[in-house]
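Novice: Have a look at this one.
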Amino acid sequence: MKTFTGRVAVVTGAASGLGRELALRCGREGMKVALADVDEAALARVEAELKAAGADAIAVRCDVASGADVEALAARTLEAFGAVHLVCNNAGIAPLGVVWENTVADWQWTLGVNVWGVIHGVRVFTPILLRQGDEGHIVNTASVAGLIAPPGMGMYNVSKHAVVALTETLHHDLAARCARVKCSVVCPAYFPSAITESERTRPAALREERAQTDEDRAREANMRKAVQSGRLSAADIAARVLEAVREERFYVLTHPRILPAVEARMRDILEGRNPGSPL
Ligand SMILES: NC(=O)c1ccc[n+]([C@@H]2O[C@H](COP(=O)([O-])OP(=O)(O)OC[C@H]3O[C@@H](n4cnc5c(N)ncnc54)[C@H](O)[C@@H]3O)[C@@H](O)[C@H]2O)c1
């Protein structure tokens, strides 16, 4: 998609971190923006920020794990702006833990937001974009955890590998239709955001009391340190995402220093070796 001005973007997870920066960037590019998140108070602040900067924006409370919510988001966007051109399926959470200790509720929550959220975004918005017959682009936020599988974060790895596979398939399916709709998958390494405070958005129905162990606490502390010490900012990553949309580039790999780990994983697979440490 070469032109942004006057077009319409939808961004999920827009209340914080990368989603917020994607929304602000779209606004600066002259796009109208539909902001979606479960955190209504923070979302209203981003909406106000966009409007203060002169952009046209609406804020919609939307739990991306709910198909009905995502359908309502699409309806609200079309009602407000009449079209959709750029869809950023970005909302995500990152609970940790070794895979056999994660509860059913942990898995349902993680896969609900990180996988079903993207499935609903693709399922609901792709037909709209295709029907318009205009240029369009779908951006799915995965992670380098969609290309390698670091220890202690299995649910997240599973969810992000799914997003990479879904988006690669979407790319092929759109190409087979000769569609004017393109897609990209974003695979950043750590960048500072509120992702380590994901528990704040866990629905009550999927909350389960489990005593935290010292190992859990150490894992969380390490993750916080890694996320907060990321050198690229969410704004830097948002800028690269919009560049990739403009250039119709599929893979948005923002952290080149992690790529040898991706190559090593592929080599282990091709050469039949057991997995080496990814970090
Ligand atoms: N920060 C990192 O180091 C990092 C690295 C790689 C990938 N990512 C990915 O980037 C994306 C954005 O995360 P971030 O780092 O900006 O985190 P963040 O916590 O700052 O922002 C995520 C947003 O998603 C929202 N959200 C959570 N559950 C939701 C739901 N069910 N429906 C709608 N919105 C929901 C949150 O309220 C929050 O506003 C995620 O997909 C994440 O997995 C982050």
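Novice: When the helix-only estimate is applied to the chain (DSSP H runs of n ≥ 4, each -39,500 (n - 2.57), divided by the residue count), what is the mean residue ellipticity at 222 nm, nearest 500 deg cm²/dmol?
Specialist: Computed mean residue ellipticity for the chain: -14500 deg cm²/dmol.
Novice: What is the distance in Å between the Cα centres of the stretch 199-224 and the stretch 251-277?
Specialist: Cα centres, the stretch 199-224 to the stretch 251-277: 29 Å.
Novice: With a 10 Å Cβ neighbour count serving as the proxy for reagent exposure, in which order, fewest first, do Lys51, Lys182, Lys225, Lys2 appear?
Specialist: Lys2, Lys225, Lys51, Lys182
Novice: What number do you get for the stretch 172-274 when its Cα radius of gyration is normalised by 2.2 N^0.38 Å, N = residues?
Specialist: 1.44
Novice: Here is a further query. Once you place label points 7 Å from the Cα toward the Cβ at Glu208 and Glu71, how far apart are they in nm?
Specialist: 2.9 nm
Novice: Next up: Mind listing the long-range amide H neighbours of Val181? Cut-off is under 5 Å, sequence gap 5 or more, other chains count too, H placed in the peptide plane at 1.01 Å from N.
Specialist: Those qualifying (amide H under 5 Å, at least 5 residues apart or on another chain) are Gly136.
Novice: Between Arg28 and Arg61, what is the FRET efficiency for a Förster distance of 35 Å, r being their Cβ-Cβ separation, to the nearest 0.05?
Specialist: Efficiency, from the Cβ-Cβ distance: 0.90.
Novice: Counting pairs on different chains as well as pairs 8 or more places apart, how many Lys pairs in the chain have Cα atoms under 22 Å apart?
Specialist: Number of lysine pairs found: 6.
Novice: What is the angle, in °, between the Cα long axis of helix 234-247 and the longest principal axis of the Cα atoms in the chain? Nearest 10 is fine, range 0 to 90.
Specialist: 60 degrees
Novice: Also, quick follow-up: Take Ala105, project a point 7 Å from its Cα along the Cβ direction, then tell me which residues of the stretch 204-223 have their backbone nitrogen under 14 Å from it.
Specialist: So the set is 204-212.
Novice: Apply the Karplus curve 6.51 cos²θ - 1.76 cosθ + 1.60, θ = phi - 60°, to the phi angles in the stretch 102-110 and return the couplings in whole Hz, x for Gly and Pro.
Specialist: In residue order, the calculated couplings are 5, 7, 4, 4, 4, 5, 5, 5, 5 Hz.
Novice: Please rank Trp109, Trp116, fewest neighbouring Cβ atoms within 10 Å first, as an exposure proxy.
Specialist: In order of increasing Cβ crowding within 10 Å: Trp116, Trp109.
Novice: Looking only at GluC sites (Glu not before Pro) in DSSP loops with at most 13 other Cβ atoms within 10 Å, what is the longest site-free stretch of the chain?
Specialist: On the way: sites that count: Glu101, Glu208, Glu209, Glu248, Glu271.
The segment 102-207 is the longest one with no such site.
Novice: Right, next: Going by alpha carbons, how many degrees (0 to 90, nearest 10) lie between the helix axis of 67-81 and the longest principal axis of the chain?
Specialist: 30 degrees
Novice: Using a simple spin-label model with points 7 Å from Cα along the Cα→Cβ vector, what separation in nm is obtained for Glu49 and Phe250?
Specialist: 3.3 nm
Novice: Local charge sum around Val99 (other residues, Cβ-Cβ under 15 Å, Lys/Arg +1, Asp/Glu -1)?
Specialist: Surrounding charge for Val99 is -1.
Novice: Another question, if that's okay. What residues have an amide H closer than 5 Å to that of Ala59, excluding those fewer than 5 places away on the same chain, when H is modeled at 1.01 Å from N in the peptide plane?
Specialist: HN-HN under 5 Å from Ala59: Leu35.
Novice: Right, something else. Where Lys and Arg each count +1 and Asp and Glu each count -1, what net charge lies around Ala42 among other residues with Cβ under 13 Å from its Cβ?
Specialist: Here the charged neighbours net out to -2.
Novice: With a point put 7 Å past each Cα toward its Cβ, work out how far Leu279 is from Ala176 in nm, to one decimal.
Specialist: Inter-label distance under the simple model: 3.8 nm.
Novice: Can you give the extra length, in nm with one decimal, that the chain gains between Glu199 and Asp236 once fully stretched, where that is 0.36 nm per residue apart less the Cα-Cα distance?
Specialist: In short, 10.8 nm is gained.
Every number in this text was worked out from the coordinates using simple rules, so none of it is lab data. This is a predicted model, so every value here is computed, not measured. In this analysis, Cβ positions are derived from the backbone assuming ideal geometry, glycine residues included, and neighbour counts consider all displayed protein chains.
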